[in-house]
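**Student:** One structure coming up, written as structure tokens, with questions to follow.
The values are calculated or read from the model by the stated rules, or taken from the named source; none is laboratory data. Computed from a predicted structure; not experimentally measured. Using ideal geometry, Cβ is built from the backbone for each residue, glycine included, and neighbour counts are taken over all protein chains shown. Accessible surface areas use protein heavy atoms only, side chains included; no ligands, DNA or RNA. Shrake-Rupley method; radii C 1.70, N 1.55, O 1.52, S 1.80 Å.
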Amino acid sequence: MVLRFNPSCLTFSQRPHHTACFSKQVPVNFSYGKYTKRYELGRPHIVPSVWGNTEGLRVFVVSDLHTDYDENLKWVECLSTVKHKNDVLLVAGDVAETYSMFIVTMSLLKEKFEHVFYVPGNHDLWCRREGQNYVDSLEKLDKLLDACKRIGVETNPTVIDELGIIPLFSWYHESFDKEKDITGFRIPSLEMACKDFYACKWPNGLSNGDTSLALYFDAMNDKQMEVIKEIRMTCDHIITFSHFVPRQELCPEKRMLFYPKLPKIIGSDYLEDRIRSIHGAEGRRNASCHVFGHTHFCWDAVIDDIRYVQAPLAYPRERKRRMNGGENWLPFCLYADKKFADRLNPCYWSDYYSANPRTPQNTILAPWVAKFYKKTENIDV
């Protein structure tokens, strides 16, 4: 996810406080005015998976590889060619901006993992550097999917050792955002802030300005409904995955975000409906999981008996500002020994919301956000 409006990313010391990652003997409460120094207290790093010796199927997940950055490509190159030779990797979109780097990255991953699954992200469909090669972003998508077939990367639902794995195509729409807007500040428009509006090219009838793209990409999943139905009937555990966000609760509230309009360009209601049609309206606790990407926030939460996980590599500058890094614990082992792994920890924002209620009616900008915006002036006539 790239925003053209880009004040420095939210740093570790600027995130709201909660007690989830501290021992019960050292509670620390969130406070706007006094949290910065207290927040320098040590918190555990995410550690690599301890499921290293299992002989059964292991499924690892990662999103937002962004290998157009040299550091990120190096991370992919350094993944073991031995450790994962029998494993599955789910790549939840945003591999690379250019077709050539996409091929390099996915080929490397296929050399290291026995099975690699992929869904496209918005960066994968950008045409700004190679626009002359494609009529539009849909033509580029077709070429990416064709390349996956040649490389041996899966983009369709499959059963592996009784585990159902279902990639879901998706796109965002502005009406996904149902929470109260931040007003009274000069916040850049979506068109100014989000590069998708000019880096992607769409044929007539499809636009980021309405639900047309979200509906188009969701309809791409219809051709797999018979396979999905069979998976639902035969598999005890199912993992679905997408690039975009299926629920607004999987993103911090607007007042906490450096770009408060972010929820308008991250998710799809149609995606959540699709997920519920697969896992069930109430989900199946300890048997249903959805993996997503896009926002670059580590996340691990259970909502209505479906587990939602995001494990992004993200940008090098973001990893430098996040205590949990990314290089050492990714990709995250989500499934092994015929069960889902323990929750990803620490996940700062999902941990925060596990201990604090969501209050979207509060539109007072957090201080680390407010300092970047000027208030609008009311002129009396």
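**Student:** Here are 284, 307, 276: which of them is within 17 Å of residue 231 (Cβ to Cβ), in contact with a His (Cβ under 9 Å, 6 or more places away or on another chain) and among the charged types (D, E, K, R)?
**Tutor:** Going through 284, 307, 276 in turn, the sole match is 284.
**Student:** Still on this model: Mind telling me which of the residues 333, 298 ends up being within 20 Å of residue 91 (Cα to Cα) and touching a Lys or Arg at 6+ places or on another chain (Cβ under 7 Å)?
**Tutor:** Numbers: 298 fails: touching a Lys or Arg at 6+ places or on another chain (Cβ under 7 Å).
After ruling out the rest, the residue left standing is 333.
**Student:** Continuing with the same structure: So, in the range 217-271, how many residues would count as being farther than 21 Å from residue 119 by Cβ and part of a loop (DSSP other than H, G, I, E, B)?
**Tutor:** Result for the range 217-271: 8.
**Student:** Scan the range 277-298 and tell me whether some residue there is among the charged types (D, E, K, R), buried (at least 20 other Cβ atoms within 10 Å of the Cβ) and on the phi < 0 side of the Ramachandran plot. Steps first, please.
**Tutor:** Restricting attention to the range 277-298, the residues satisfying the condition of being among the charged types (D, E, K, R) are 282, 284-285.
Now restrict to residues that are buried (at least 20 other Cβ atoms within 10 Å of the Cβ): none.
No: the range 277-298 contains no residue that is among the charged types (D, E, K, R), buried (at least 20 other Cβ atoms within 10 Å of the Cβ) and on the phi < 0 side of the Ramachandran plot.
**Student:** Would it be correct to say that residue 205 is within 30 Å of residue 377 (Cα to Cα), more than 19 Å from the chain's Cα centre (by Cα) and open to solvent by less than 70 Å² (accessible area, probe 1.4 Å)?
**Tutor:** On the way: within 30 Å of residue 377 (Cα to Cα): no; more than 19 Å from the chain's Cα centre (by Cα): yes; open to solvent by less than 70 Å² (accessible area, probe 1.4 Å): yes.
Criteria not met by residue 205.
**Student:** Taking residue 301 and the conditions (1) open to solvent by 10 Å² or more (accessible area, probe 1.4 Å); (2) under 26 Å from residue 96 (Cβ atoms); (3) touching a Phe, Trp or Tyr at 6+ places or on another chain (Cβ under 7 Å), which numbered condition does it fall short on, given that it satisfies the others?
**Tutor:** Just one mismatch for residue 301, condition (2).
**Student:** Return the pairs, sorted by first residue and then second, in which the second residue is acidic (Asp, Glu) and open to solvent by less than 40 Å² (accessible area, probe 1.4 Å), the first residue lies in the range 174-186 and is at pLDDT 95 or above, the beta carbons are less than 8 Å apart, and the residues are 6+ apart or on different chains.
**Tutor:** 179/253
**Student:** Test residue 269 against the criterion of being surrounded by fewer than 24 Cβ atoms within 10 Å (Cβ to Cβ), touching a residue at least 40 places away in the same chain (Cβ under 8 Å) and within 21 Å of residue 215 (Cα to Cα), and give yes or no.
**Tutor:** Values: surrounded by fewer than 24 Cβ atoms within 10 Å (Cβ to Cβ): yes; touching a residue at least 40 places away in the same chain (Cβ under 8 Å): yes; within 21 Å of residue 215 (Cα to Cα): yes.
Yes: the conditions hold for residue 269.
**Student:** Still on this structure, please answer the following. Answer yes or no: is there a residue in the range 101-124 that is part of a helix (DSSP H, G or I), closer than 30 Å to residue 204 by Cα, in contact with a Phe, Trp or Tyr (Cβ under 8 Å, 6 or more places away or on another chain) and modelled with pLDDT of 95 or more. Walk me through it before giving the result.
**Tutor:** Initial filter on the range 101-124 (part of a helix (DSSP H, G or I)): 101-112, 123-124.
Next, only the ones that are closer than 30 Å to residue 204 by Cα stay: 101-103, 123-124.
Now restrict to residues that are in contact with a Phe, Trp or Tyr (Cβ under 8 Å, 6 or more places away or on another chain): 124.
Then drop every residue that is not modelled with pLDDT of 95 or more, which leaves 124.
Scanning the range 101-124 turns up at least one residue that is part of a helix (DSSP H, G or I), closer than 30 Å to residue 204 by Cα, in contact with a Phe, Trp or Tyr (Cβ under 8 Å, 6 or more places away or on another chain) and modelled with pLDDT of 95 or more.
**Student:** Quick one: which of 128, 150 is out of contact with any His (no Cβ under 6 Å at 6 or more places or on another chain) and more than 27 Å from residue 297 (Cβ to Cβ)?
**Tutor:** Working: 128 fails: more than 27 Å from residue 297 (Cβ to Cβ).
That would be 150, the only listed residue that is out of contact with any His (no Cβ under 6 Å at 6 or more places or on another chain) and more than 27 Å from residue 297 (Cβ to Cβ).
**Student:** To continue, here is another question. Run down 162, 191, 174 and say which single residue is open to solvent by 70 Å² or more (accessible area, probe 1.4 Å) and within 19 Å of the chain's Cα centre (by Cα). Walk me through it before giving the result.
**Tutor:** Details: 162 fails: within 19 Å of the chain's Cα centre (by Cα); 191 fails: within 19 Å of the chain's Cα centre (by Cα).
Among 162, 191, 174, only 174 is open to solvent by 70 Å² or more (accessible area, probe 1.4 Å) and within 19 Å of the chain's Cα centre (by Cα).
**Student:** Which residue, of 254, 264, is touching a helix residue (DSSP H, G or I) at 6+ places or on another chain (Cβ under 6 Å) and touching a residue at least 40 places away in the same chain (Cβ under 8 Å)?
**Tutor:** On the way: 254 fails: touching a helix residue (DSSP H, G or I) at 6+ places or on another chain (Cβ under 6 Å).
So the residue among 254, 264 that is touching a helix residue (DSSP H, G or I) at 6+ places or on another chain (Cβ under 6 Å) and touching a residue at least 40 places away in the same chain (Cβ under 8 Å) is 264.
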